[in-house]
Amino acid sequence: MKNKELIRVGFVQNKPIFGNIHENLDRVEKLLDGHDADLFVFPELFATGYQFKDMAESRSLAEHIPGGTITNALIALAQKTHTYFIAGLSEIEADQVYNSSVIVGPEGYIGKYRKIHLFDTEKVCFQVGNLPLKIYDIAGAKVGVMICFDWRFPEMARTLALMGADLIAHPSNLVLPHCPQAMITRCLENRIFAVTADRAGIENRTESLKFIGQSQIVDPDGNILVRASETEEEVQVVNINLEKAREKFLTPHNHIFNDRREDLYRS
Ligand code: ACM
């Protein structure tokens, strides 16, 4: 596309087999076949599965970022397809394990985010994220990253939006029903795009967990541009115009950031 405000973004909704990294990577590559975008977002922990029993197990499937198997496979795919990927995986650094997302592109490794709001038993399988939030320049877009349960904390999307994000990439493994609707509000209140890439399927390890699918792309007016099924593997791509996220005036008199009353919000 000529106008760099127009980009193509997409998600992959998969059903990983727990612990089977190579098969899960192959499956995602097959799902992507015939689909073309500037940026694809993959689910949280997309190549390992979600339900670790403890920290020892999440560590056993974790990798160094950069340098690990999944990161290297994504970089190879990015170079082959001239695409950017943001994808969730288990990260190890100095014996600490994080629920992370990696950002890669044709130029190689770009960055990572470590989930800061851990959900339920993730607290026994991962350390809480410890990296500053960052905005990445991806295919002309300013992109912020959050992972799944981060949606429940409006400060997260707000902070990324105030830092300049046009779009939030949101790798997820959703089990609660509310997130798809809540992300509409996150987009409206910040006038940003969000790409939530969820997984589908069921994991029966320590308990039976059903993932809700419904990956989606939402625009700054809260329109759902596309939403996936609850149960199937899917890839969807839409064209978005980043100009829409850069217009923060709602009316000539209302600017969504400048009208905030930070002087009154804290008691
Ligand atoms: C979640 O944060 N994976 C529910």
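The values are calculated or read from the model by the stated rules, or taken from the named source; none is laboratory data. The model shown is predicted, which means the values in this text are computed figures rather than measured ones. All Cβ positions, glycine included, derive from the backbone under ideal geometry; neighbour counts span all protein chains shown. For the accessible areas, the whole protein counts, side chains as well, though only heavy atoms, and no ligand, DNA or RNA atoms are used. Shrake-Rupley method; radii C 1.70, N 1.55, O 1.52, S 1.80 Å.
Descriptive notes on the structure:
- Kirkwood Rh, angstrom, region 136-207 [1 / mean 1/r, Cα pairs]: 12.8
- For region 229-242, 3J(HN,Hα) per residue [Karplus equation, 6.51 cos²θ - 1.76 cosθ + 1.60, θ = phi - 60°, Hz, x = Gly/Pro]: 5, 7, 10, 9, 6, 7, 10, 9, 9, 10, 8, 10, 10, 5
- Dmax and Rg, reported as Rg then Dmax, of the chain (C-alpha, Å): 17.6, 55
- Kirkwood hydrodynamic radius (C-alpha pairs) into Stokes-Einstein, region 1-136, 37 °C and 0.692 mPa s, D in µm²/s: 215
- Shown for the chain: the carbon plus sulfur share of the solvent-accessible area, taken with all protein chains present and a 1.4 angstrom probe, equals 51%.
- If you sort the three axes of the alpha carbon gyration tensor as a ≥ b ≥ c, you get a/c of 1.5 or more for region 35-77 and a/b no higher than b/c, which makes it oblate.
- Coarse-grained scattering of region 107-176 at q = 0.12, 0.15, 0.16, 0.18 Å⁻¹, given as base-10 log I(q)/I(0) from a Debye sum over alpha-carbon atoms: -0.33, -0.50, -0.57, -0.71
- Gain upon complete extension [GLU230, GLN79; 0.36 nm per residue less C-alpha separation]: 51.2 nm
- Protection proxy ranking, highest mean first, for peptides 71-77, 19-25, 135-141: 71-77, 135-141, 19-25, where packing is the per-residue count of other beta-carbon atoms within 10 Å, averaged.
- Distribution of pairwise C-alpha distances over region 176-220, 5 Å bins, in %: 6, 22, 24, 18, 13, 9, 6, 3
- Between LEU250, LEU209, LEU176, the GNM of the chain built on Cα springs shorter than 10 angstrom shows LEU250 fluctuating the most.
- Packing, as the average of other Cβ atoms within 10 Å across residues, places the peptides 199-205, 188-194 in the order 188-194, 199-205, highest first.
- Look at the dipole of region 47-196 built from charges on Cβ: of THR48, THR121, VAL104, the Cα furthest out on the positive end belongs to VAL104.
- Between helix 69-81 and the chain: long-axis angle, C-alpha atoms, 0 to 90°, nearest 10: 60
- With all projection directions averaged, the alpha carbon convex hull of region 48-204 covers 9.1 nm².
- The chain: most fluctuating residue of PHE257, PHE18, PHE126 per GNM, C-alpha cutoff 10 Å: PHE257
- Phi-derived couplings, Karplus 6.51 cos²θ - 1.76 cosθ + 1.60 at θ = phi - 60°, listed residue by residue for region 156-165: 5, 5, 4, 5, 5, 5, 5, 6, x, 4 Hz, with x used for Gly and Pro.
- Per residue, the solvent-accessible area of the chain (1.4 Å probe, heavy atoms of protein chains only, all protein chains present) comes to 44 Å².
- For the chain, the tally of Lys pairs with Cα-Cα distances below 18 Å comes to 16, considering only residues 8 or more apart or on different chains.
- Within the chain, DSSP assigns beta bridges of which about 70% are antiparallel (rounded to the nearest 5).
- Placing +1 on the Cβ of every Lys and Arg and -1 on the Cβ of every Asp and Glu, with no other charges, gives region 154-221 a dipole of roughly 140 debye about its Cα centre.
- Each eigenvalue of the Cα gyration tensor of region 1-57, multiplied by 5 and square-rooted, gives one semi-axis; in descending order these are 29, 13, 7 Å.
- Convex hull volume per residue in cubic angstrom - Cα atoms of region 142-267: 115
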